[in-house]
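First comes the structure, then the notes that go with it.
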Amino acid sequence: MRHATVALEKPGWGTSKNSSKYKAAYNVAGVEAFNPEGVLQKVADYEKLDTVFCSPQPRAQETAEILLSGNAVLKIDSTLSELDYQVVQVPVIQLPVKGWLFISRVAWMAGINKGEKSGYRERIDELNTFTDELTAFAHRNGWALVVAHGMVNRELIKILKYRGWEYSEDGNDGFGNLSVNCLEKIHP
């Protein structure tokens, strides 16, 4: 599951410095109010959820708390933090903030813009290791729920598909920013 919409005004145009400030604010902002009922209907047997894997970032934790009303333990794992990168710094030039973020993400994924943060390959390796724990939990309990971020979820889905998981009958669905992806193990 991806976290709900972040309660932060959408950025317009700005410098790379403004984009860095927006990104920092986004990383600590909470989420907009939402109705959890429709989202939970996409999760089979959600009433039985007692443990949820969750990113340590506020937007993911707040989403999980709203969804589960404190009825499940949040297993916070730093591996589920957003795939984070530094904003490429180019003085004076104005671009849409989302453009700066896109350029910076592509440069980070290509290994050009690593900075002090973990590189893309390192983060994918961490997610591969985490997926071992996640699938073991799912096999023991019949399910596992993750509340994280768009890029993290896309990478987890790719890893799971490579390991023989496929979208279930419920598949994937969106509730605005909040998306639900249901996968099941098909191949041994």
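Just a few scattered comments:
- Scanning region 1-22 for residues that are open to solvent by less than 30 Å² (accessible area, probe 1.4 Å) and closer than 21 Å to residue 95 by Cβ, we see that the one that is nearest to the chain's Cα centre (by Cα) is 6.
- Of all residues in region 57-84 being more than 16 Å from the chain's Cα centre (by Cα) and either buried (at least 19 other Cβ atoms within 10 Å of the Cβ) or of a type in the set (A, V, I, L, M, F, W, C) (or both), the one that is nearest to residue 104 (Cα to Cα): 66
- Region 30-40 - residue that is of a type in the set (A, V, I, L, M) and either open to solvent by 40 Å² or more (accessible area, probe 1.4 Å) or at pLDDT 95 or above (or both) and, of those, nearest to residue 10 (Cα to Cα): 31
- Residue ID - farthest from residue 101 (Cα to Cα), chosen from residues in region 138-164 that are open to solvent by less than 30 Å² (accessible area, probe 1.4 Å) and outside any helix (DSSP H, G or I): 164
- Residue match in region 114-137 (condition: part of a loop (DSSP other than H, G, I, E, B), open to solvent by less than 70 Å² (accessible area, probe 1.4 Å) and either touching a Lys or Arg at 6+ places or on another chain (Cβ under 6 Å) or farther than 30 Å from residue 14 by Cα (or both)): no
- Within region 85-102, considering residues that are open to solvent by 80 Å² or more (accessible area, probe 1.4 Å) and outside any loop (DSSP other than H, G, I, E, B), the one nearest to residue 9 (Cα to Cα): 98
- Test for residue 112: is it β-branched (Val, Ile, Thr), more than 21 Å from residue 5 (Cα to Cα) and at pLDDT below 95: yes
- Residue selected from region 41-56 under the condition open to solvent by less than 30 Å² (accessible area, probe 1.4 Å) and within 23 Å of residue 29 (Cα to Cα), by the criterion farthest from the chain's Cα centre (by Cα): 52
- Filtering region 1-45 to residues that are part of a helix (DSSP H, G or I) and either on the phi > 0 side of the Ramachandran plot or in contact (Cβ under 8 Å) with a residue 40 or more places away in the chain (or both) leaves 16, 17, 18, 19, 20, 22, 23, 27, 38, 39.
- For the condition open to solvent by 50 Å² or more (accessible area, probe 1.4 Å) and assigned to a helix (DSSP H, G or I), residue 106 qualifies.
- Hits in region 84-134 - residues which are of a type in the set (A, V, I, L, M, F, W, C) and in contact (Cβ under 8 Å) with a residue 40 or more places away in the chain: 87, 88, 90, 92, 93, 95, 97, 100, 101, 127, 130, 134
The values are calculated or read from the model by the stated rules, or taken from the named source; none is laboratory data. Predicted model, so just to flag it, every value in this text is computed and none were measured. Here the Cβ is made from the backbone with ideal geometry for all residues, glycine too, and neighbour counts use every protein chain on show. All accessible areas refer to the heavy atoms of the entire protein, side chains included, with ligands and DNA or RNA removed. Shrake-Rupley method; radii C 1.70, N 1.55, O 1.52, S 1.80 Å.
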